């Protein structure tokens, strides 16, 4: 990717137009590859792609600790991988499912990070703060009070809105007010911010009075090389779990509180008369609830399987005929389901479940890459599944459209190019640089489709 300099000459976007040296970027996040956290893998891919665009990229993170203990991998505290310099800090590693343990993990990470950045902050660097932990951006705001510290905020999950929705803190309470005050400072002092969807942009701009031209919608992505359209009979996962002779609707990913599962189970109860399987793959806060529900409802057509290692993800995703993408009521804008992009990548019809005024619904329906059902309407969901079962040719065409849409708009290269524009526009060594990222996911997709 190239950018024009003052003399009209094109240079790689990661290179300073006058000195010819790489622009330095530091990414800060609690989790990073080979940790199993999805944000860790996304940031690894982003960092690698930014390095390929000639940025000098460094990462500050912790040791693997997100998933079950058996997924933890011993890693050196300092190493360079794929052109990215990684520094891992020692932190506690209590279970994230325990509120106190998670809080201690946050404190040991945040305390070290604050001291490190305060001492080592450089005026020739742009820092990318994520929301993992959810109040990480305050480090950037605090350091910028004492040092020349240019930073960008990356919003994956919006807090305290998420904590209020879950019930961890009380709406209107002191904790929420303090958190909003911290966020207002963090977003206000950031040069730019990146969010995943238009509702998240409206949330940031409306809640914290951030100018709209400083908040940019850039979606997440999936690996176009690792995740391809593979036929179901070629899936070892499908064969090993006796899924080849059934129409399989798959939910693969975080089995957490932010996703709608009850409508899926209700629909499964309506589909006991056909060769149908509802398959859940993953781990999270609602896994035990799902296991209990399957037994209580006597759902012989529903399976709950464990988390699959990343290297087996492509094969497990190919084991289905349609892929569920859900988001709970009141969550869109606070969060957005990244599993949409992996589902599009493997070329399967999307079974979307959301509220009526949803960007997820708009994308699925406007590009004819699947079928949408409203939360709570199990009969419509079951009907949509029956439609796909009864017209396999159209289901396959829908999957083909899904893959084409992914190729146009949701590859790492397409999304990293937008990150590069924001980071370059925010870099302290680049003056009068305009950020020209798309206003919304919809605009980005339509522009890509026009090609």
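Pairs of alpha-carbon atoms within less than 8 angstrom and 6+ residues apart define the contacts here; what relative contact order does the chain have, in percent? All intermediate terms of the calculation are to be shown ahead of the outcome.
Numbers: 867 pairs, mean separation 64.0, N = 451.
About 14 percent, as a whole number.
Below 8 Å between Cα atoms, with a sequence gap of 6+, how large is the relative contact order for the stretch 232-408 in percent? All intermediate terms of the calculation are to be shown ahead of the outcome.
Numbers: 308 pairs, mean separation 42.1, N = 177.
Averaging sequence separation for qualifying contacts and normalising by length gives 24 percent for the stretch 232-408.
Taking the chain as the reference, fit the longest principal axis to its C-alpha atoms, fit the long axis of helix 174-189 to the helix C-alpha atoms, and give the angle between the two in degrees, 0 to 90, nearest 10.
With both axes taken from Cα atoms, the answer is about 60 degrees.
If I fit a long axis through the Cα atoms of helix 378-390 and take the longest principal axis of the Cα atoms of the chain, what angle between them do I get, 0 to 90°, rounded to 10?
80 degrees
Within the stretch 396-429, name every residue whose backbone N is under 17 Å away from a label modeled 7 Å from Cα of residue 274 along the Cβ vector.
Within reach of a label on residue 274, which here means backbone N under 17 Å from a point 7 Å along Cα→Cβ, the stretch 396-429 contributes 396-399.
Where in the stretch 233-276 does the label zone of residue 166 land, with the point 7 angstrom along Cα→C-beta and an amide N cut-off under 11 Å?
Answer for the stretch 233-276: 256-258.
Give the calculated FRET efficiency between residue 207 and residue 407 to the nearest 0.05, with a Förster radius of 25 Å applied to their Cβ-Cβ distance. Please report the intermediate quantities before stating the final value.
Working: r = 35 Å, r/R0 = 1.39.
It comes to 0.10.
How high is the FRET efficiency between residue 116 and residue 229 when r is their beta carbon distance and R₀ equals 41 Å, given to the nearest 0.05? It would help to have the intermediate numbers written out before the result.
Values: r = 44 Å, r/R0 = 1.07.
Calculated transfer efficiency: 0.40.
What length, rounded to one decimal in nm, is gained on full extension from residue 98 through to residue 80, with 0.36 nm per residue of separation minus their alpha-carbon distance? Present the calculation step by step, with values, prior to reporting the outcome.
Numbers: separation 18, 0.36 × 18 = 6.48 nm, distance 3.25 nm.
Value of the extension gain: 3.2 nm.
Do the sum for the chain: with -39,500 (n - 2.57) for every DSSP H run of n ≥ 4, divided by all residues, what is the mean residue ellipticity at 222 nm, to the nearest 500 deg cm²/dmol?
Values: 16 runs with 177 residues, N = 451.
It lands at -12000 deg cm²/dmol.
Could you point to the label whose value was computed as Kirkwood radius over Cα pairs in Å for the structure here, given (1) 22.8; (2) 23.4; (3) 30.1?
Here the calculated entry is (1).
Using alpha carbon centroids, what distance separates the stretch 80-156 and the stretch 360-413, in Å?
Here the answer is 38 Å between Cα centres.
Would you order 35, 391 from fewest to most other beta-carbon atoms within 10 Å of each residue's own beta-carbon?
On the way: 35 25, 391 12.
By the 10 Å Cβ count, ascending, the order reads 391, 35.
Test of understanding: what is the full-extension gain from residue 292 to residue 245, defined as 0.36 nm times their sequence separation minus their Cα-Cα distance?
Numbers: separation 47, 0.36 × 47 = 16.92 nm, distance 2.60 nm.
Stretched fully, the residue 292-residue 245 segment lengthens by 14.3 nm.
How far is helix 38-52 tilted, in degrees, relative to the longest principal axis of the Cα atoms in the chain, given as a value from 0 to 90 rounded to the nearest 10?
50 degrees
Roughly what would the spin-label model give for residue 300 and residue 184, points 7 Å off Cα along C-beta, in nm?
With each label point 7 Å from Cα toward Cβ, the separation is 6.0 nm.
Along the Cα-to-C-beta direction of residue 124, a point sits 7 Å from the Cα; which residues of the stretch 416-431 have their amide N less than 20 Å from that point?
Residues passing the 20 Å test: 423-431.
If you find the alpha carbon centre of the stretch 28-46 and of the stretch 163-186, how far apart are they in angstrom?
Cα centroid of the stretch 28-46 versus Cα centroid of the stretch 163-186: 26 Å apart.
Would you kindly work out the equivalent ellipsoid of the stretch 232-408 from its C-alpha gyration tensor and give its semi-axes, the square roots of five times the eigenvalues, largest first in whole Å? Don't skip to the end; give the middle numbers.
Working: eigenvalues 83, 76, 57 Å².
Equivalent-ellipsoid dimensions as semi-axes: 20, 19, 17 Å.
Every number in this text was worked out from the coordinates using simple rules, so none of it is lab data. Note that the structure is predicted; figures quoted are calculated from it, not measured. FYI the Cβ positions are ideal-geometry reconstructions off the backbone, even for glycines, and counts take in every protein chain you see.
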